[in-house]
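Worksheet for the structure shown next.
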Amino acid sequence: MKQILNLTVKLLLLTLTIAGLVYLIKEVFHLNWVHESIWKIISFFLILTWLTGIFAHYLLSISKENSANILMGTIGIRFLASIAFVVVMLVLGQENLILFVINFFVIYLFYLLFDMYGLITNLRPISK
């Protein structure tokens with residue numbers, strides 16, 4: 001339970017940092033680099049990353065031997081869910097498609113780096 005709380009706090013800090021950067025770019029510097037659906041994108045990744053993190057934690061508690069498969073599976077689930085989200089948003093009729101896709105994949109990379117950092121820090125104690 002402590003690991004889930006730790007994941008939740010770190011994920012919320014990451015999301016607040018990204019939201020702060022978006023706010024600075026959009027409202028303070030008045031740059032047109034942010035799509036109007038950015039808050040949907042950030043919310044999607046917050047929920048998706050939290051759910052896949054909980055799912056991975058549950059599966060790792062059942063079987064430590066399959067840890068590599070479990071972690072790669074959650075990355076695959078996140079990738080497929082991301083593609084589905086982009087397709088749904090594009091079918092619903094987003095304006096300025098290039099900006100939407102660029103914003104989406106920049107946020108995707110931030111959350112992917114968060115996952116890689118979590119993976120590396122979890123593997124370090126095992127390797128010693």
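The values are calculated or read from the model by the stated rules, or taken from the named source; none is laboratory data. Note that the coordinates shown come from a computational prediction; the quantities given were computed from them, not determined experimentally. Every residue, glycine among them, receives a Cβ derived from its backbone with ideal geometry; neighbour counts consider all protein chains shown. Accessible surface areas use protein heavy atoms only, side chains included; no ligands, DNA or RNA. Shrake-Rupley method; radii C 1.70, N 1.55, O 1.52, S 1.80 Å.
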Query raised in the report: For the stretch 1-31, which residues satisfy the criterion of being within 20 Å of ASP115 (Cβ to Cβ) and over 18 Å from the mean Cα position of the chain (by Cα)?
Result: LYS2
Query - Test: TYR58 is open to solvent by 90 Å² or more (accessible area, probe 1.4 Å) and at pLDDT 90 or above - result: yes
Query raised in the report: Within the stretch 61-103, restricting attention to residues that are among the charged types (D, E, K, R) and under 21 Å from THR121 (Cβ atoms), which residue is least open to solvent (accessible area, probe 1.4 Å)?
Result: ARG78
Query raised in the report: From the list VAL106, VAL34, which one is farther than 30 Å from MET1 by Cβ, under 12 Å from the mean Cα position of the chain (by Cα) and surrounded by 11 or more Cβ atoms within 10 Å (Cβ to Cβ)?
Result: VAL106
Query raised in the report: Residue check: is TYR117 over 23 Å from ILE38 (Cα atoms), at pLDDT below 90 and open to solvent by 30 Å² or more (accessible area, probe 1.4 Å)?
Result: yes
Report summary line: Conditions (1) modelled with pLDDT of 90 or more; (2) closer than 20 Å to LEU16 by Cβ; (3) not hydroxyl-bearing (Ser, Thr, Tyr) -> PHE85 fails only (2)
Report task. Just give me the residues in the stretch 1-28 being without any contact (Cβ under 8 Å) to a residue 24 or more places away in the chain, closer than 19 Å to ILE102 by Cα and either of a type in the set (A, V, I, L, M, F, W, C) or surrounded by 14 or more Cβ atoms within 10 Å (Cβ to Cβ) (or both), in sequence order. Result -> ALA19, LEU21, VAL22, LEU24, ILE25, LYS26
